[in-house]
Amino acid sequence: MHKKTPQELRSYRWLGVNDMRSFGHRSRAKQMGYAEEDYAGKPIIGIINTWSDLNTCHSHFPERVEEVKRGVWQAGGFPVELPALSITEIFMKPSPMMYRNLLAMEVEEHLRSQPIDGAVLMGGCDKTTPGLLMGAISMNLPAIYLPAGPMLRGNWNGKYLGSGSDVWKYWAEKCAGNLSDEEWSSMEDGIARSAGHCMTMGTASTMTSIAETLGFTLPGAASIPAVDANHSRMATACGRRIVEMVWEDLKPTDILTIEAVENAITADMAIGGSTNAIIHLVAIAGRAGIKLPLPKFDEISQRVPLIANIRPSGQYLMEDFYYAGGLRACLNQIRSLLHLDALTVNGKTLGENIESAKVLNDDVIRSRENPVVEIGGTAVLYGNLAPNGAVIKPTACDKNLWQHTGRAVVFKDYNDMSARLNDENLDVDETCVLVLQNAGPLGAPGMPEWGMLPLPNKVLKKGVRDMVRISDARMSGTSYGACVLHVSPEAYVGGTLAFVQDGDLIELDVPHRKLNLLVSDDELAQRRAAWVKPERKYGRGYGALFTERVTQAHEGCDFDFLHAGEPTPEPEIH
Ligand code: FES
C-alpha cells in the first residue's frame, strides 16, 4: 500500500510551501498559539461537530470532541474543530428534513475550502448522520463517523419508556381518557434521562447502525450508549484511526460500494429500521453515483428476518441491545446474508469486524430460527395512487389492516387535519382511510414526520388503536401504525394523491404490494384538469432554493445538483 508523504498531504498546499500566501497561513496559525511543530508535516483533521445548545441529543459532544482530539494528537495529527449546522430533531421547524441537504453542503464545502486532510464526523440525531455522510462522500476525503450513541432507557412509574414510541402510545391513552394530566406530565421527568439520541429503533439508531454497516464507523461504535465510558474511548480511537486513514488515503468511495449499500439495507431489515432510512440511503448512495431503486429494499426485505427485538417493532430498547451484543452480534447472526468482504474504515472487512461478536441475550437479539418477524420491516407499494412508489412498515402495524379497502377521509394539509380531525361532525370511523395531502418534499415543504396521522378521539374512545393512513409525508422511526408514507409523486406536484376526495375507495394490499385509488381513469383525468396547484410557500432564501431543487421521495430528496457528477475542482490557493 502506498503511504502518503507529508508533501502529498492536501494541507501542504496551504502550509508547507514557501510563498507569500503560505506566510499568511502560518502566521495566523501562530496567532492561535500554534508553533510549526504542532502541525508541520502532520495530517490536519477536521472534526465536524454538530453540537449546539439546542441539540438535545448531542449535549455530550463538547467532551467527546476533546476525546477525539486526544486521539488525533496521539497518532501524530493536528486536530481542528469545525462547528456545523446542528439539526436538532426536536426544535427545528417546519421540518429538520429540510436542512439535511444544507448540512451536507456545509460539510462538503467546509472540507473543500480549508486545509483539511481527513475528517471525523460527529452526529447522531436523525438527519445529522445522512447529512454528514452525504457531504463527506461528495468531498471524498478520508472520513470516519462518530455516532452520538443512544441515550439511557426511559424510566417512569416502574416502566421502561422508549423515545417517541411511548409518547405516541400514552398520548393515545390520554386522548382516550385512560391517563390523567398528572400522570401524563410526570412522564416528562423520565422519558429522556441522559445525553444521546433516541433509544428506540428510530431514525437515529437506524442511521447510525447503517453508518456502521456501510463501513463508516469503527466496529461496534453505533450501539454504545452515549454516556458509557466505552463511548469516550471509542471517540479517542476514532481520532487515532483517522490519522492512519489519511496516510493510507482510505476514502469514502473506497468504502461505499453497491455491496456495502446492500449490506446496509440488509441490516436495516434485520433491525426493523425506520422507513426514513430508505430516503437517506438513496441519497447517500446517489452521492457515489449508485442508483438505488425502491424495489431493492423490498427484495432484500423478503429474505431478511427481523431479529432485533427493539421498539417500535419489538419490545426492548437500544441499551438492552448493547448489553445483548449490539449491532455486531446482530449482523453476525445474519452473516450469510451479507457481503462479508466489504471494506470498512478500520481497514478490515465487515466480516472480520463481526466474526467474534456473540449474542448475550437471545430474546433481545433473536436467532434466524426464532425471529421477531419472519421477513424485514419494509414494503414498497405501487399502484395508481403511487406510480413511483410508497412505503409501509408492516411489522409495526396491525396485521388485520395489511389488506384493507376503505372510504377516504381527506385533509388538504396539516392545518386542515388539525382543525377538523376531532370535529364531532366529521364523518369518520375505524374502517375509513385517513388521507393527508401536501405534506411532501415540496408541498409541506421538507416532508415532515406527519405521516403517523393521529386517530380521531371518537375512534380512540372505542378502543381502536390503528387505522390505515396515507400521505406523502414521512413518519418518525419511533412511530408505528398502518401508515402509508412517501407517496410519490407527491400531491403538490400533481400526483394522484392530490385528486383523492372524501368518499373515494382506497385499496391497500400489503402482501401484493398494491395501493390503488378505486376511481376511473376518466374521472381522474377530469379532476386533474380542474386541479389548481397550491401556492409556493417560500419566495426567497434557503426555502426557495429547497423548493426549486429538491427531488422526490423515491429519489432521496437530495438536491438535483448535488448528485454525483463532474468532480468539483479543488480550490486555487492564491
Ligand atoms: Fe435526536 Fe430523536 S430527537 S434522535
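The values are calculated or read from the model by the stated rules, or taken from the named source; none is laboratory data. Model, not experiment: these values are computed from the prediction. Ideal geometry is used to build each Cβ from the backbone, glycine not excepted, and the neighbour counts take in all protein chains shown.
Among residues of segment 85-128 being away from the ligand (no atom under 16 Å from the Cβ) and among the small types (Gly, Ala, Ser), the one that is nearest to GLN552 (Cα to Cα) is ALA104. Quick check: is even one residue across segment 522-537 under 25 Å from THR275 (Cα atoms), touching a residue at least 60 places away in the same chain (Cβ under 8 Å) and assigned to a loop (DSSP other than H, G, I, E, B)? Scanning segment 522-537, I find no residue that is under 25 Å from THR275 (Cα atoms), touching a residue at least 60 places away in the same chain (Cβ under 8 Å) and assigned to a loop (DSSP other than H, G, I, E, B), so the answer is no.
If you check GLY190, GLY202 for being in contact with a Gly (Cβ under 8 Å, 6 or more places away or on another chain), more than 30 Å from ILE573 (Cα to Cα) and in contact (Cβ under 8 Å) with a residue 40 or more places away in the chain, only one passes: GLY202. Filtering segment 192-202 to residues that are near the ligand (Cβ under 10 Å from one of its atoms) and either in contact with a Leu (Cβ under 8 Å, 6 or more places away or on another chain) or modelled with pLDDT of 95 or more (or both) leaves ALA192, GLY196, HIS197, CYS198, MET199, THR200. What about GLU106, is it in contact with a helix residue (DSSP H, G or I) (Cβ under 9 Å, 6 or more places away or on another chain) and surrounded by 17 or more Cβ atoms within 10 Å (Cβ to Cβ)? So GLU106 fits the description; yes.
Evaluate segment 479-501: report whether one residue or more is of a type outside the set (A, V, I, L, M, F, W, C), away from the ligand (no atom under 16 Å from the Cβ) and part of a helix (DSSP H, G or I). Checked against the condition, which is being of a type outside the set (A, V, I, L, M, F, W, C), away from the ligand (no atom under 16 Å from the Cβ) and part of a helix (DSSP H, G or I), segment 479-501 yields at least one hit. The residues of segment 231-243 that are in contact with a Gly (Cβ under 8 Å, 6 or more places away or on another chain) and under 18 Å from PRO79 (Cα atoms), listed by number, are MET234, ALA235, THR236, ALA237, CYS238, GLY239, ARG240, ARG241, ILE242, VAL243. Find all pairs meeting these conditions: Cβ atoms under 7 angstrom apart; at least six residues apart or on different chains; first residue within segment 43-66 and farther than 29 Å from TYR12 by Cα and without any contact (Cβ under 8 Å) to a residue 60 or more places away in the chain; second residue within 12 Å of the ligand (Cβ to nearest atom) and not in a helix (DSSP H, G or I). Pairs that qualify, where the first residue is farther than 29 Å from TYR12 by Cα and without any contact (Cβ under 8 Å) to a residue 60 or more places away in the chain and the partner is within 12 Å of the ligand (Cβ to nearest atom) and not in a helix (DSSP H, G or I), are SER52/SER86; SER52/THR88; LEU54/SER86; LEU54/THR88; LEU54/PHE91.
Annotation note: of SER209, SER180, the sole residue that is more than 16 Å from the ligand (Cβ to nearest atom) and either hydroxyl-bearing (Ser, Thr, Tyr) or touching a residue at least 60 places away in the same chain (Cβ under 8 Å) (or both) is SER180. Cβ-Cβ distances below 6 Å connect the following pairs, each with a first residue in segment 151-176 that is within 19 Å of GLU89 (Cα to Cα) and of a type in the set (D, E, K, R), a second residue that is within 16 Å of the ligand (Cβ to nearest atom) and in a loop (DSSP other than H, G, I, E, B), and a separation of six or more residues or different chains: ARG153/LEU317.
For the residues GLY215, GLY220, GLY149, the requirement of being buried (at least 19 other Cβ atoms within 10 Å of the Cβ) and in contact with a Lys or Arg (Cβ under 7 Å, 6 or more places away or on another chain) singles out GLY220. Could you check, for segment 252-264, whether at least one of its residues is within 16 Å of the ligand (Cβ to nearest atom), among the aliphatic types (A, V, I, L, M) and in contact with a Ser or Thr (Cβ under 6 Å, 6 or more places away or on another chain)? No, there is no match, as no residue in segment 252-264 is within 16 Å of the ligand (Cβ to nearest atom), among the aliphatic types (A, V, I, L, M) and in contact with a Ser or Thr (Cβ under 6 Å, 6 or more places away or on another chain).
Condition first: more than 12 Å from the ligand (Cβ to nearest atom) and either on the phi > 0 side of the Ramachandran plot or in a helix (DSSP H, G or I) (or both). Now tell me which residues in segment 38-66 satisfy that. Across segment 38-66, the qualifying residues are ASP38, TYR39, GLY41, PHE61, PRO62, GLU63, ARG64, VAL65, GLU66.
Matching residues to (1) in contact with a strand residue (DSSP E or B) (Cβ under 8 Å, 6 or more places away or on another chain); (2) among the small types (Gly, Ala, Ser); (3) within 15 Å of the ligand (Cβ to nearest atom):
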site	(1), (2), (3)
TRP156	no, no, no
LEU161	yes, no, yes
ALA226	yes, yes, yes
THR236	no, no, no
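If you go through segment 36-95 and keep only what is among the hydroxyl-bearing types (Ser, Thr, Tyr) and farther than 18 Å from ASP126 by Cβ, you end up with just TYR39. Would you check if ILE137 is among the β-branched types (Val, Ile, Thr), touching a Lys or Arg at 6+ places or on another chain (Cβ under 6 Å) and in contact (Cβ under 8 Å) with a residue 24 or more places away in the chain? Yes. Scanning segment 467-475 turns up one or more residues that are among the hydrophobic types (A, V, I, L, M, F, W, C), in a strand (DSSP E or B) and under 30 Å from ILE310 (Cα atoms).
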